[in-house]
Number of protein chains: 2
Amino acid sequence: MADVITADVAIVGAGPVGLFAVFQCGMLKMSSVLIDALGEVGGQCTALYPEKPIYDIPAYPEIAASDLISHLETQMAPFAPPRLLGRRVIELKGQAGEFVLGTDGDDIIHAKAVIIAAGAGAFGPKRPPLEDLAAYEASGAVQYYVRRKEALRGKRIVIAGGGDSALDWALILKDVAASTAIVHRRSKFRAAPETAAQLDAAAASGAITLVTPYQLHALHGRSGTLHAVEVVDLDGARKMLEADVLLPFFGLATDLGPIATWGVDLTMHRVSVTPSSCETNIHGIFAIGDVANYPGKLKLILQGFSEAAVAAHAMFGIVHPGEALHFEYSTSKGVTP
Amino acid sequence: MADVITADVAIVGAGPVGLFAVFQCGMLKMSSVLIDALGEVGGQCTALYPEKPIYDIPAYPEIAASDLISHLETQMAPFAPPRLLGRRVIELKGQAGEFVLGTDGDDIIHAKAVIIAAGAGAFGPKRPPLEDLAAYEASGAVQYYVRRKEALRGKRIVIAGGGDSALDWALILKDVAASTAIVHRRSKFRAAPETAAQLDAAAASGAITLVTPYQLHALHGRSGTLHAVEVVDLDGARKMLEADVLLPFFGLATDLGPIATWGVDLTMHRVSVTPSSCETNIHGIFAIGDVANYPGKLKLILQGFSEAAVAAHAMFGIVHPGEALHFEYSTSKGVTP
């Protein structure tokens, strides 16, 4: 059902940073509308790793990704923006003060400013080139995200990949799995030193089997029920790993999609901004979070939060021309929608 | 008792941003030492407004300042930095990789890099020029900070000042006080629109008495026991306000102190930094939080957190020369000290 919505600020992307942007805009008396290609808010936190603990959100020694999102939702709730979920913004026209956005659901959004908080863009897993893959995906024998680790209790798990996700999940799942093996085409993993040390300890104790340097070669099973994963080394030597579930963590194939056509300057698939304002080359269009790029940029959720504050302050003059912005200290003014 | 301490990073200032800097450094395998002029960690959050709710920390819809500090302490606890509290750094010599700091307690600190997270510097309240003020301060009849609002239950309170602190406290204390009056020398308050609206409502209902435009003129009482506050308007007309307690909120007189002598570039009593690194003009010395200044800087606690991450990443090469920094995504690598 198509909507026509008018708001001060159109926020493209409803991940953690987009959600906090609603709050920051609201605190400065700017209304917003949230648009996201996914069917629910939270971005990758919700869709890819809801149960995964995050350790570097300030003042949260540990928080599950899904809890982070629910706290952010509570925080922005007073400003109750309209949400266009499961919609992609396919068109952006106009100029500062009078942008018009169109979605693939035929919604029309009128906004004075735009915040692109699209993360890595629309995303999906990189899939391994294996025969009959689709049947095993359909049965859940091949999964790219762990939605609930309990669902994997007692399973024989083969993880493929050499990065943080592969290692983090191996370390988490070893405690519930019947067995955990990790297949990587190199002998060395691309992981933080601490994670690598934990992996070595788990391998030494037999809790995790390291299968390196090997690559995935074939899936063995029947009617979507997996029995074994066959791997091959660089010399062509093959090995069978008993398995109920294969979890390939080869990263995400991401796609900025229509954003690339809006005229904003891109570098390496990210939107270039002026760090002091988070404004793009187009006046009135801002980018924050992982999608934004500037010298010294760190892809941390925290930096996105901070950029949301910067962008909201910077766009105030576009949304409320001629009005003085009363600077808010980070203390108690209260939240009044 | 003087200490000799060696750490990778000396963090000058143990407010929220200094505490989070310990965590960020620790996550990148850099040890730190915390130094603060106050006797406890938390800076203004602990010393000035421990009970005050903060609304703009991401994913905390509301958090008391003291709780923010205790969560940050928990988060950094794995890295257990030595703490030199009640000490001021009075001397800083040396260069990147080999700084030597000296405190007024004769401690000597050897550090490879320095983070200045000194907020507004050492701070104290601006005191009104009233006769016998010291006696009323000593008895607690004149207070510049509200440490526990319950201690003011049933009191007749006069608040002086026209900014956010004065208004916020008036709105909070009206619910416990016998009476609440607010004295300001102008008719208009310097407050956020929402706060001003709440004040108007409280004044209309009689919960708060607005005494404007008036200034403090004299304290009436005996032996430190306050009976009334006398105020005067611009024409010299005087008025008596019955009072047990006077709370002047005229802001803070702050003092960067010895920091001003370390050779770092200052602008308007703040330390100029390059925003992409938070480094000052002196290689190896960084500044973050309210004390730091750069184009577009917002004095929000959140920005200080973000700057702590930027500075920690930027100084990695000084602390661990030649080592590659494995970039950490904001997900679960775990915390391993």
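Odds and ends about this structure:
- For region A:182-243 and region A:135-166, distance of Cα centres in Å: 13
- Backbone HN-Hα couplings from phi across region A:219-229 [Karplus 6.51/-1.76/1.60, Hz, Gly and Pro as x]: 10, 10, x, 8, 6, x, 8, 8, 10, 7, 10
- Computed over protein heavy atoms with a 1.4 Å probe, the carbon and sulfur contribution to the accessible area of the protein assembly as shown reaches 51%.
- Taking the DSSP beta bridges with both ends in chain A, the antiparallel portion is around 50 percent.
- Calculated mean residue ellipticity, 222 nm, chain A: -7000 deg cm²/dmol, from DSSP H runs (n ≥ 4) at -39500 (n - 2.57) each, averaged per residue and rounded to 500.
- Which of B:Lys155, B:Lys52 is most accessible, then next, and so on - probe 1.4 Å: B:Lys155, B:Lys52
- The Cα center of region B:250-286 and the Cα center of region B:14-76 differ in position by 20 Å.
- Shape call, region A:211-254: gyration tensor on alpha carbons, a/c limit 1.5: oblate
- Lys/Arg +1, Asp/Glu -1 at C-beta; the protein assembly as shown dipole; positive extreme among A:His110, A:Thr74, B:Ile259: A:Thr74
- Chain A residue nearest the axis that carries A onto B, by Cβ, with distance in whole Å, is A:Ser306, 2.
- Label-to-label distances for A:Pro321 across copies, nearest first, come out at 5.5 nm, using points 7 Å from Cα in the beta-carbon direction.
- Placing +1 on the Cβ of every Lys and Arg and -1 on the Cβ of every Asp and Glu, with nothing else charged, gives region A:127-248 a dipole about its Cα centre of roughly 120 debye.
- Taking the label point 7 Å along Cα→Cβ, B:Pro193 and its counterparts in the other copies are spaced 5.2 nm apart, in ascending order.
- B:Cys25 - accessible surface, heavy atoms, 1.4 Å probe, Å² rounded to 10: 0
- About the centre of its Cα atoms, chain A shows a dipole size close to 620 debye [charges on the beta carbon of Lys, Arg (+1) and Asp, Glu (-1) only; nearest 20 debye].
- At 7 Å out from Cα toward Cβ: A:Gln95 inter-copy label distances (nm, ascending): 5.2
- Interface size B-A, as summed buried accessible area [1.4 Å probe, Å², nearest 100]: 4800
- Using the 1.4 Å probe convention, the accessible area of region B:127-248 works out to 48 Å² per residue with neighbouring protein chains retained.
The values are calculated or read from the model by the stated rules, or taken from the named source; none is laboratory data. Please read these numbers as outputs of a predicted model, since none were measured by experiment. Please note: Cβ atoms are built from the backbone with ideal geometry, for glycine as well, and neighbour counts cover all protein chains shown. Calculation scope for accessible area: heavy atoms of the full protein, side chains included, ligands and nucleic acids excluded. Shrake-Rupley method; radii C 1.70, N 1.55, O 1.52, S 1.80 Å.
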